[in-house]
Amino acid sequence: MADRPAAAPFSNIVAVCETGDGGAESLARAADLARANNARLTALAVGDDHAEIKHLARFAGVEAAEIEAGMMDALKSALAERVAPFAGDLTIAIETRLGRPFREIIGDVIENGRDLVIKMAEPFDQKHRYLFTSTDQHLLRKCPCPVWLAMPGAAQPPRTIMAAVDLDDEEGDRDDALNRIIVENACRIAASSGATLHITHVWDAPAEDLVRRWTNDSGDVRRYLDATEAARRKALDALTRQAREDMAEDALPAAIVPHLARGRPRDVIPAHVDAMGIDLLVIGTLVRTGIPGLIIGNTAEDVLNAVDCSVLTVKPPGYVSPLASG
């Protein structure tokens, strides 16, 4: 594995706050993490600057800017009220914006150098699906920093965390840097919350059918499967060992448990999340070459749509948001 400094602690966190009854939860989660990392914390509220404002202004005989100023004042007042209970031990900056929520959130991240967004996941329907509503989907695809989508009512702080990694062999692979970012972020959160960290790799043997087709010796198939599993286990152990070497002592969880399982990640990861009672899943997103902004691979998307825990998604090194150019 190539030498690379460990990821810095979170230092500039933004909590996306709704001003309704449930709006305090994302702020409470962000406040816990800000305290643990001695980080700056900003509470952000976004008002939807929809086209009806212009129609309302015309019929009311006032300038649209006057209506928008009134909306901003109301938004700031509501957000200040939301932040007030945390004023005793934490300084929280207030930021308000008008516009399409995902654009304004990502704009704030880019303009202010945020290194973590914390937001409550939005319900997709009335049953149990929370991820991939419009704003959340845009953030997962286009936000340049890690995005923590928290499930309402999930354990806070998280008690069990899973870092899902994708490995090829012990020599490292094209996603090595992303794997290390996934693990480092998961380590920091687990260390600050006292959680157990499970580093999970799901492997398969894509050439098994080919080996079976070209040999009559079942021993050859077994040796191929054993060799593939051994290589993946070696890579997983190396990644776990590297995390322990890279991270400062105060950023290491009390317990790191590696898991190797065979199957399809879209099936195995959700099953492990349920079986282990995972509170937070940390997973990477992969760039689809040549398609700016579409960074969620099919497997990651399937996994995210199949779990009911909170998720933290991280981007590959060097990722540039398509919104960065304006």
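In the range 27-39, is there at least one residue being open to solvent by 70 Å² or more (accessible area, probe 1.4 Å), at pLDDT 80 or above, under 30 Å from residue 192 (Cβ atoms) and assigned to a helix (DSSP H, G or I)? Break it down into steps so the answer makes sense when it comes.
Filtering the range 27-39 for residues open to solvent by 70 Å² or more (accessible area, probe 1.4 Å) gives 35, 38.
Retained after the next criterion (residues that are at pLDDT 80 or above): 35, 38.
Filter once more, keeping what is under 30 Å from residue 192 (Cβ atoms): 35, 38.
Next, only the ones that are assigned to a helix (DSSP H, G or I) stay: 35.
Yes; the residues of the range 27-39 include at least one that is open to solvent by 70 Å² or more (accessible area, probe 1.4 Å), at pLDDT 80 or above, under 30 Å from residue 192 (Cβ atoms) and assigned to a helix (DSSP H, G or I).
Which one of the conditions (1) in a helix (DSSP H, G or I); (2) under 20 Å from residue 24 (Cβ atoms); (3) touching a residue at least 12 places away in the same chain (Cβ under 8 Å); (4) open to solvent by less than 70 Å² (accessible area, probe 1.4 Å) does residue 84 fail to meet, given that it meets all the rest?
Tallying (1) in a helix (DSSP H, G or I); (2) under 20 Å from residue 24 (Cβ atoms); (3) touching a residue at least 12 places away in the same chain (Cβ under 8 Å); (4) open to solvent by less than 70 Å² (accessible area, probe 1.4 Å), residue 84 fails exactly one: (3).
Of the residues 243, 306, 235, which single one is over 14 Å from the mean Cα position of the chain (by Cα) and modelled with pLDDT of 90 or more?
Numbers: 243 fails: modelled with pLDDT of 90 or more; 306 fails: modelled with pLDDT of 90 or more.
From the options 243, 306, 235, the qualifying one is 235.
Report every pair of residues separated by at least 6 positions or lying on different chains whose Cβ atoms are under 9 Å apart, first residue within the range 8-23 and on the phi < 0 side of the Ramachandran plot and at pLDDT below 90, second surrounded by fewer than 17 Cβ atoms within 10 Å (Cβ to Cβ) and not in a loop (DSSP other than H, G, I, E, B).
Listed pairs, sorted by first residue: 19/74; 19/81.
Of all residues in the range 197-230, how many are within 20 Å of residue 164 (Cβ to Cβ) and either of a type in the set (Ser, Thr, Tyr) or at pLDDT 90 or above (or both)? Can you show your working first?
Just the residues of the range 197-230 that are within 20 Å of residue 164 (Cβ to Cβ), to begin with: 197-206, 228-229.
The next check asks that each one be either of a type in the set (Ser, Thr, Tyr) or at pLDDT 90 or above (or both); those that pass are 197-202, 228.
The total comes to 7.
Give the residue that is nearest to residue 31 (Cα to Cα), with candidates limited to residues of the range 65-75 that are surrounded by 15 or more Cβ atoms within 10 Å (Cβ to Cβ) and not acidic (Asp, Glu). Show your work before the answer.
Restricting attention to the range 65-75, the residues satisfying the condition of being surrounded by 15 or more Cβ atoms within 10 Å (Cβ to Cβ) are 67-68, 71-72, 75.
From what's left, not acidic (Asp, Glu): 67, 71-72, 75.
Details: 67: 32, 71: 26, 72: 24, 75: 20 Å.
If we take residues in the range 65-75 being surrounded by 15 or more Cβ atoms within 10 Å (Cβ to Cβ) and not acidic (Asp, Glu), then 75 is nearest to residue 31 (Cα to Cα).
Could you say whether any residue in the range 98-116 is assigned to a strand (DSSP E or B) and at pLDDT 90 or above? Give the steps one after another, and end with the answer.
Keep residues of the range 98-116 that are assigned to a strand (DSSP E or B), which gives 98, 116.
Imposing the further condition that a residue be at pLDDT 90 or above reduces the set to 116.
There is at least one residue in the range 98-116 that is assigned to a strand (DSSP E or B) and at pLDDT 90 or above.
Given the criteria within 24 Å of residue 159 (Cβ to Cβ), open to solvent by 20 Å² or more (accessible area, probe 1.4 Å), among the hydrophobic types (A, V, I, L, M, F, W, C) and in contact with a helix residue (DSSP H, G or I) (Cβ under 9 Å, 6 or more places away or on another chain), does residue 280 qualify?
On the way: within 24 Å of residue 159 (Cβ to Cβ): yes; open to solvent by 20 Å² or more (accessible area, probe 1.4 Å): no; among the hydrophobic types (A, V, I, L, M, F, W, C): yes; in contact with a helix residue (DSSP H, G or I) (Cβ under 9 Å, 6 or more places away or on another chain): yes.
Judged against the criteria, residue 280 is not a match.
The values are calculated or read from the model by the stated rules, or taken from the named source; none is laboratory data. Bear in mind that the values here come from a model prediction, so they are computed numbers and not experimental data. With ideal geometry, Cβ positions are generated from the backbone for all residues, glycine too; neighbour counts draw on all protein chains shown. Ligands, DNA and RNA are excluded from the accessible area calculation, which covers all protein heavy atoms including side chains. Shrake-Rupley method; radii C 1.70, N 1.55, O 1.52, S 1.80 Å.
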